[in-house]
Amino acid sequence: MPLLTPPVGNLPDTSLIIGDTRVSDSSGGTHPHLYAGNGALTSEVPMAGPVEVDRAVSAARAAQPGWERMPPPQRRKLLNAFADLIERDADLLTDLAIIDTGTPRVQAQRGGMVTAELFRYNAGWTDRLEGSVLPTWPAAALDYAVPRAYGVVAIIVPWNGPSISAGMTVAPALAAGNTVVLKPPELAPYAVLHLGKLALEAGIPPGVLNVIPGGPEGGNALVSHAGIDKVHFTGSGPTAQRILAAVIPHMTPVGLELGGKSASVVFDDIDTSIVPSLLHGIITLSGQGCINPTRLIVQDNIYEEFVAIATQTMAAIPMGDPNDVNTVMGPVVNDAACQRILGMIDRADSEGARLTTGGGRLGGELADGYFIEPTILADVDNSSYIAQNEVFGPVLSILRFSDEADAIAMANDSEFGLAGYVYTNNLKRAHRVADQLDVGNVWVNGFAGIPASAPFGGNKMSGVGRLGGKWGIEEFTRMRNVWVGL
Ligand code: NAD
């Protein structure tokens, strides 16, 4: 058996899900999906083109009034049944996440349970969407405002963590009474297609959730379709800008969850024993995460010690077969990503950064996969290209600061504003810094995922709007005001 074989026997049908029909003969052609562990073809995945987009939007439109008018407890029951099936199939979803992008088993195995929890949490909102009664004058009248679903929502998710991204968006959209056309990316279609299949098995009416994998052509046809009432996009800034241009003719509202260049600010009252836990920015998804802390900003007097420990720790990270439970870090998504990451490391070198470990592509038995060594660049200048742009690979930049004001200025000197991390034992300073970071989410002294009940989203070029909690539901509803003369 060749080395680094993806978990076999579980490759699902990759045809599109439109209503309750599977469509394999699609107008967008096919995409050859390659396994990141060894570069081998897993299957030719049918891609949605304008024809399938049109069919999926029609199916979603037909299903929408019934879904929104369904008694909320019944909608809740169906969403909870969906969550139960996601939980039932958590192991299969782990295998599919490994196949999708080569995510190591130890990281992939959280995905199913997190996605199930997102559906369960949002199911609880179906009968909690409240309006307001407003004061009226001078005429006697009743004025009330009620939240209503948009209608049909187009949801586009990226390849890094597509199930969780789908859970963060599809769950509140459905709970609020919208129907959805969901487009997973060509690079990672497997797990999300399985979610679409489970929705039907749970009894969610056909057309409420349509799943149509596709690339730029399908994505563009979807967001520019006249039958779409709202777009939610998770992905990169350049694609977001193309989408914003594409929605102009219909002025379709857009929610955006985009990239980041998040800073971890480490003050000198912190013990060096925490250094390994600061490195999840490189390890998690091989650095391919929007909220990964990729700029480690360390105070002067502990700087060299932190660089040395970080270097030692990263050089010893077990890399290899994503399917092996002992693998801590896996490959990046494809060959193009390898080329981009190596190019950025070279550029950082030419801009004066000090490479302390890594910097290359792995060979030997990993040569056919897309494995980049965990890489640390010290003495990075915050104005350099590597400090200002998403690498989306296992590369950590370490920067030095002198005092609190300097640290905050450096952390905020970025076009992104998604996440920020602060490490200090000084309580007042922790809150002071958290208050001044220009980001949507701050983690102080640790990271434990994104709670389903918390708001999540970015400032500046990191996004528009918030997912999570009541804010996530509000993202998928709009108020209607009704004035009644008495
Ligand atoms: P991407 O922008 O290349 O693609 C995202 C999705 O958009 C894919 O499904 C793709 O097929 C689709 N697409 C491409 N062109 C399109 C077009 N013209 N019209 C409509 N859709 C189109 O991003 P990616 O490489 O898949 O994902 C990585 C990016 O996503 C990173 O920047 C990362 O930070 C960001 N991200 C953000 C969050 C968040 O919650 N803020 C979460 C995950 C990823």
Checklist entry - Among (1) more than 16 Å from the ligand (Cβ to nearest atom); (2) of a type in the set (Val, Ile, Thr); (3) under 21 Å from Asp406 (Cα atoms), which single condition is Thr294 missing? => result (1)
Item to check | Looking only at the stretch 241-274, and only at residues there that are in contact with an Asp or Glu (Cβ under 9 Å, 6 or more places away or on another chain) and within 11 Å of the ligand (Cβ to nearest atom), the one that is nearest to Ser384 (Cα to Cα) | outcome: Lys261
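For the condition surrounded by fewer than 21 Cβ atoms within 10 Å (Cβ to Cβ) and among the small types (Gly, Ala, Ser), what is the one hit in Ser277, Ser286?
Values: Ser286 fails: surrounded by fewer than 21 Cβ atoms within 10 Å (Cβ to Cβ).
Exactly one of Ser277, Ser286 is surrounded by fewer than 21 Cβ atoms within 10 Å (Cβ to Cβ) and among the small types (Gly, Ala, Ser), namely Ser277.
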Checklist outcome for this item: Subset of the stretch 197-231, residues under 22 Å from Gly465 (Cβ atoms) and basic (Lys, Arg), comes to Lys230
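Could you say whether any residue in the stretch 451-466 is touching a residue at least 60 places away in the same chain (Cβ under 8 Å) and more than 13 Å from the ligand (Cβ to nearest atom)? Show your work before the answer.
As a first pass, look at the stretch 451-466 and keep what is touching a residue at least 60 places away in the same chain (Cβ under 8 Å): 452-453, 456-458, 461-465.
Adding the requirement that they be more than 13 Å from the ligand (Cβ to nearest atom) leaves 452-453.
Yes, the stretch 451-466 contains a residue that is touching a residue at least 60 places away in the same chain (Cβ under 8 Å) and more than 13 Å from the ligand (Cβ to nearest atom).
Quick check on Pro318: is it touching a residue at least 60 places away in the same chain (Cβ under 8 Å) and either exposed (fewer than 15 other Cβ atoms within 10 Å of the Cβ) or under 26 Å from Pro7 (Cβ atoms) (or both)? Working first, answer last.
Values: touching a residue at least 60 places away in the same chain (Cβ under 8 Å): no; either exposed (fewer than 15 other Cβ atoms within 10 Å of the Cβ) or under 26 Å from Pro7 (Cβ atoms) (or both): yes.
So Pro318 does not fit the description; no.
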Next on the checklist: Of the residues Pro276, Pro322, only one is more than 30 Å from Ala154 (Cβ to Cβ), outside any helix (DSSP H, G or I) and in contact with a helix residue (DSSP H, G or I) (Cβ under 7 Å, 6 or more places away or on another chain); which?
Outcome noted: Pro322
Checklist entry - Do the conditions hold for Thr136, that is, is it in contact with a helix residue (DSSP H, G or I) (Cβ under 7 Å, 6 or more places away or on another chain), away from the ligand (no atom under 16 Å from the Cβ), among the hydroxyl-bearing types (Ser, Thr, Tyr) and assigned by TED's automatic domain parsing to the domain that holds Ala48? => result no
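Select, from Asp84, Asp127, the only residue that is in a helix (DSSP H, G or I), touching a Lys or Arg at 6+ places or on another chain (Cβ under 9 Å), modelled with pLDDT of 95 or more and closer than 24 Å to Leu467 by Cα.
Numbers: Asp127 fails: in a helix (DSSP H, G or I).
Of Asp84, Asp127, the one residue that is in a helix (DSSP H, G or I), touching a Lys or Arg at 6+ places or on another chain (Cβ under 9 Å), modelled with pLDDT of 95 or more and closer than 24 Å to Leu467 by Cα is Asp84.
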Checklist outcome for this item: Note: among Leu174, Leu187, Leu209, Leu198, just one is more than 8 Å from the ligand (Cβ to nearest atom) and either outside the structural domain of Lys470 (by TED's automatic domain parsing) or out of contact with any Lys or Arg (no Cβ under 9 Å at 6 or more places or on another chain) (or both), namely Leu209
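The values are calculated or read from the model by the stated rules, or taken from the named source; none is laboratory data. This is a predicted model, so every value here is computed, not measured. Positions of Cβ are generated from backbone atoms using ideal geometry, with glycine treated the same way; all protein chains shown enter the neighbour counts.
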